[in-house]
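Everything below concerns the one structure shown next.
The values are calculated or read from the model by the stated rules, or taken from the named source; none is laboratory data. Keep in mind it's a predicted model, so treat the numbers as computed, not measured. Because the Cβ atoms are built from the backbone with ideal geometry, glycine has one as well, and the counts that use them run over all protein chains shown. Heads up: the accessible areas ignore ligands, DNA and RNA and are worked out on the full protein's heavy atoms, side chains in. Shrake-Rupley method; radii C 1.70, N 1.55, O 1.52, S 1.80 Å.
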Amino acid sequence: MLTKRHLIFLSDVVWFTLTAFGGAQAHVGMMLKHFVLKRKYISEPELLELNALTQILPGPSSTQTLVGIAYKVGGLSIAISTFLIWVIPSAAIMCLAVVSYTTLGQKEKFEHVLNYIQPVAVGIVGYAAYKFGRAILKTNTAFWLAGASLVATLILRNAYAFPIIILIGGIISSAIDTPLEETEIRSKLFSKVNPRKIAYFVGVLLFFAGLGAIVNRTSPFSLPIRLFENFYRNGIMIFGGGQVLVPFMYTEFVDMKEYLTSDQFLSGYALQQALPGPTFSFTSFVGAMTLKNAGYSVVGQILGGLIAVLGINLPGLILILFIVPFWTDLKKITRIKNSLSGINAVSVGFMGAAFILLMQPIGISLMSVGVVAITFLLLVFTRVRTPFLILAGILLGLFS
């Protein structure tokens, strides 16, 4: 039953959704300000622990942290309501952008605008790689893992290589940094977990992960179902939030499968950077554009956006709701904590590869390199927010 406290919390989630610019790191700071210091829904240590938990889980870290707060406030129903409030607005705008993209009257002017906002988007990716690299690459092991993942990504160009690289990075850092004696802590943890519950959640994850593989490609529904499988699989693979999502999706959907063009991809990413809300809402654009390029109607494009958002978010949502109840014990296992450094280092390599891959379609010219460099420098040395940079790119394109 909804209480007054629940309704106030949901109204705070609405305001947070409409003002949450800047990506995962900025979102955590806003959660601290609004949900901890102002409203005191949870304590500061609880927020930091939730954020730490999302870093060792695949999926959208901001979304998982917010859903974890909601679960602590009001249980499952409030958590699901919070998820919908957080995801729907930006995902709907991204899907609408695809429909508008197909009906724009001034096509030439629109493409001229893209010549400016696409390099801005690449500069933002470069800044993310720089920022994460400075924070994470503090040991020789981390540097080697990041470099190896960058090279592997550029050489392999295969979506199935990502989880293998992530797994190797986590295993290496865990093996190097973890002491051997943890039997007692592990026994205490797993004695509290119902084996049937574990089997249920793992079964749900694996069922959807295998769904696309068993559908015949000649089926009239094969593309939407395979699209769901593609996004669901990425939702299981992606550690590190939206910044890591970009190289995953570019490699698979643009470079490998050619579901959409690099221009379309960069346009959608630039638009998403100008919106508040989760970075993962970008998937709505990719899913809708994929079905648009396949000849689907407006209804089909909306279906593609819905499929993408559900697929990419479902694994992370299932995992956070499963793990939050016994996170207090889980966080004591140092092998889990120590694997994070390797996973993060690999993610930095992915971001570096994304920057290189995204530079190729915009070309090497004085204008494109200049816009990328200016965007990067403004983000590094000033407090200018990314939406203002995207807006500047749009204005340059309109009036130049």
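Brief remarks follow.
- When GLY277 is tested against (1) at negative phi; (2) modelled with pLDDT under 90, only condition (1) is not met.
- Residue count for the stretch 249-270 under the criterion of being surrounded by 17 or more Cβ atoms within 10 Å (Cβ to Cβ) and not in a helix (DSSP H, G or I): the result is 2.
- Number of the condition not met by PHE239 [criteria: (1) modelled with pLDDT of 60 or more; (2) under 19 Å from MET289 (Cα atoms); (3) not in a helix (DSSP H, G or I)]: (2)
- Under the condition of being closer than 18 Å to PHE16 by Cα and in a helix (DSSP H, G or I), the residues counted in the stretch 49-70 number 12.
- Among the residues listed as LEU66, LEU53, LEU48, the single one being open to solvent by less than 30 Å² (accessible area, probe 1.4 Å) and modelled with pLDDT under 80: LEU53
- Filter result for VAL87 (over 14 Å from the mean Cα position of the chain (by Cα), open to solvent by less than 40 Å² (accessible area, probe 1.4 Å) and either farther than 14 Å from PHE280 by Cβ or not charged (D, E, K, R) (or both)): no
- The residues of the stretch 271-301 that are open to solvent by less than 30 Å² (accessible area, probe 1.4 Å) and within 14 Å of PHE253 (Cα to Cα), listed by number, are PHE282, THR283, SER284, PHE285, VAL286, GLY287, ALA288, MET289, THR290, LEU291.
- Pair list, Cβ under 8 Å, 6 or more apart: the stretch 155-181 residue modelled with pLDDT of 70 or more, other residue open to solvent by 70 Å² or more (accessible area, probe 1.4 Å): SER174/ARG335
- Residue pairs meeting the criteria (Cβ under 7 Å; at least 6 apart or on separate chains; first under 15 Å from TYR130 (Cα atoms) and crowded, with 24+ Cβ neighbours inside 10 Å, in the stretch 339-361; second modelled with pLDDT under 75 and of a type in the set (A, V, I, L, M)): SER347/VAL244; PHE350/VAL244; MET351/VAL244
- The stretch 365-400, residues that are over 27 Å from ALA20 (Cα atoms), assigned to a loop (DSSP other than H, G, I, E, B) and modelled with pLDDT of 80 or more: SER365
- Reported count of residues in the stretch 36-54, each being under 19 Å from LEU7 (Cα atoms) and among the charged types (D, E, K, R), is 3.
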